[in-house]
Amino acid sequence: MSRTFLATLHFDGTGFVGWQRQPASRSVQLEFERVLERLFGQRAPALAAGRTDAGVHALGLGVSFSAPAAWDGVALRRALNALLPPDCWTERVVPMRTGFHARKCARSRRYRYDIGTDAAASSPFRRPFEWALGRPLDFGALRAAATLLHGEHDFRAYAVKGQPKPHYRCRVASAEWLDRPAGHGVSFQVEADRFLHHMVRMLVGTMVDVGLGRRPLSDIEMLLEHRDNQGTSPPAPPQGLYFVSATYPSEYFLTDAGTGELVVEALDTAARDA
């Protein structure tokens with residue numbers, strides 16, 4: 001007999017090749033599943049709300065897994081944090097209904113991208129966690145560019161070409177640029193029902209070129225009409241990108257750890273405050 005759980009995972013992506021297991025490489029999934037196997041005495045697959053690339057960080061990646069019925073969320077969180085490596089941390093573990101899947105059941109996902117426009121962005125204490133651009137950007141142009149992304153669009157021009165997909169449409173619920181505290185630069189925050197491979201980084205790279213005056217604002221909409229990525233700016237570097245949260249319908253949450261609505265609200269609040 002087993003139970004399904006959802007963990008909210010934070011990690012520093014600097015030392016990882018990303019979430020997904022890869023041959024002879026250190027991945028977050030590998031580390032997480034190693035701990036589960038040690039705890040349960042058997043292999044326990046872990047499924048994430050999204051796949052992050054090498055160097056990308058997470059502030060609230062949803063990870064689902066099954067555990068023997070004797071475990072509860074409090075004990076699992078304590079055990080995970082005792083055994084995970086120092087660059088990973090579990091914020092919470094809550095029980096979910098049978099059949100819950102962190103990726104397939106997600107209603108939306110939110111990412112954040114940080115850019116340092118000041119000289120101190122090159123500090124070794126900041127460079128691994130943001131794009132150390134070190135140059136001013138036209139904030140008005142950035143905000144205007146983000147507005148053009150709202151709604152449902154075909155984003156294939158803003159994605160790395162890989163295996164063919166049934167479609168490339170994503171519905172962007174919000175996209176905005178914000179000032180970071182203490183004059184440290186700007187932050188792009190975006191929420192959508194799904195994201196394509198490298199989509200956020202390619203959007204940021206193109207919008208930064210607009211903010212530097214290298215491209216006209218009209219290129220943002222023009223590229224949404226393209227069926228390839230040949231005219232898109234290079235992707236922004238990975239270290240500025242954070243997976244902030246995933247949201248799920250309340251019916252997937254079991255009530256013995258608080259109502260599902262409260263858990264979803266907590267995830268949304270973390271995304272807004274990040």
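Rounded to the nearest 500, what is the chain's calculated 222 nm mean residue ellipticity when only DSSP H runs of at least 4 contribute -39500 (n - 2.57) each, over all residues? Display every interim value, and only then the final one.
Numbers: 6 runs with 67 residues, N = 274.
One gets -7500 deg cm²/dmol as the mean residue ellipticity at 222 nm.
Please compute the modelled spin-label separation between Phe139 and Glu251, points set 7 Å along Cα→Cβ, answer in nm with one decimal.
4.4
Using only the alpha carbon atoms of the range 10-110, find the Kirkwood hydrodynamic radius as the inverse mean reciprocal pair distance, in angstroms to one decimal.
Working: mean 1/r = 0.0719 Å⁻¹.
Hydrodynamic radius (Kirkwood, Cα only) of the range 10-110 equals 13.9 Å.
How large is the convex hull of the Cα atoms of the range 108-242 per residue, expressed in Å³ as a whole number? Let's see the in-between values first.
Working: hull volume 13.4 nm³, N = 135.
Roughly 99 Å³ of hull volume per residue.
Among 62-73, 125-136, how do they line up by average Cβ neighbours within 10 Å per residue, starting with the highest?
Numbers: 62-73: 18.8, 125-136: 17.2.
The packing order, highest mean first, is 62-73, 125-136.
Would you work out the relative contact order for the range 24-173, in percent, from Cα pairs under 8 angstrom that are 6 or more residues apart? Let's see the in-between values first.
Values: 133 pairs, mean separation 21.7, N = 150.
Worked out over the range 24-173, it gives 14 percent.
I need the phi-derived Karplus couplings for the range 23-40: 6.51 cos²θ - 1.76 cosθ + 1.60, θ = phi - 60°, integer Hz, Gly and Pro marked x.
Working through the residues one at a time gives x, 6, 9, 8, 10, 5, 4, 4, 5, 5, 5, 4, 5, 4, 5, 5, 6, 9 Hz.
Sort Met199, Met1, Met222 by Cβ crowding within 10 Å, fewest neighbours at the top. Mind showing how you got there, number by number?
Working: Met199 22, Met1 5, Met222 13.
So the residues, fewest neighbours to most, are Met1, Met222, Met199.
Through the Karplus equation 6.51 cos²θ - 1.76 cosθ + 1.60, θ set to phi - 60°, convert the phi angles of the range 237-245 into ³J(HN,Hα) values in whole Hz; use x for Gly and Pro.
Taking θ as phi minus 60°, the curve returns x, x, 5, x, 9, 10, 7, 8, 6 Hz for the range 237-245.
Roughly how big is the range 108-242's charge dipole about its Cα centre, with Cβ charges of +1 (Lys, Arg) and -1 (Asp, Glu), in debye to the nearest 20? If you can, show how the numbers build up before the last one.
Numbers: 18 positive and 15 negative charges, 85 e Å.
That gives the range 108-242 a dipole magnitude of about 400 debye.
Given N residues in the chain, what is Rg(Cα) / (2.2 N^0.38 Å)?
Working: Rg = 19.1 Å, N = 274, 2.2 N^0.38 = 18.6 Å.
That ratio works out to 1.03.
Return the long-range amide H neighbours of Ala102 (sequence gap of 5 or more, or a different chain), with a cut-off of under 5 Å between placed amide H atoms.
The list, which skips near neighbours in sequence, is Ser64.
Cβ neighbours within 10 Å, averaged per peptide: list 22-29, 139-146 in order, most packed at the top. Intermediate values should be presented prior to the final figure.
Numbers: 22-29: 14.8, 139-146: 18.6.
Packing proxy ranking, top to bottom: 139-146, 22-29.
For a quick check: with amide H placed at 1.01 Å from N, whose amide H comes under 5 Å from Arg3's, ignoring anything fewer than 5 positions away on the same chain?
Here Ala67, Ala69 satisfy the definition.
How many nm is it between the label spots at Asp179 and Arg103, if each spot is 7 Å from the Cα in line with the beta carbon?
Distance between the two pseudo-spin positions: 4.0 nm.
Where a number appears in this text, it was derived from the coordinates with a stated rule and is not lab data. Everything numeric here is computed off the predicted structure, so don't read it as measured data. Note: ideal-geometry Cβ built from the backbone for every residue, glycine included; neighbour counts use all protein chains shown.
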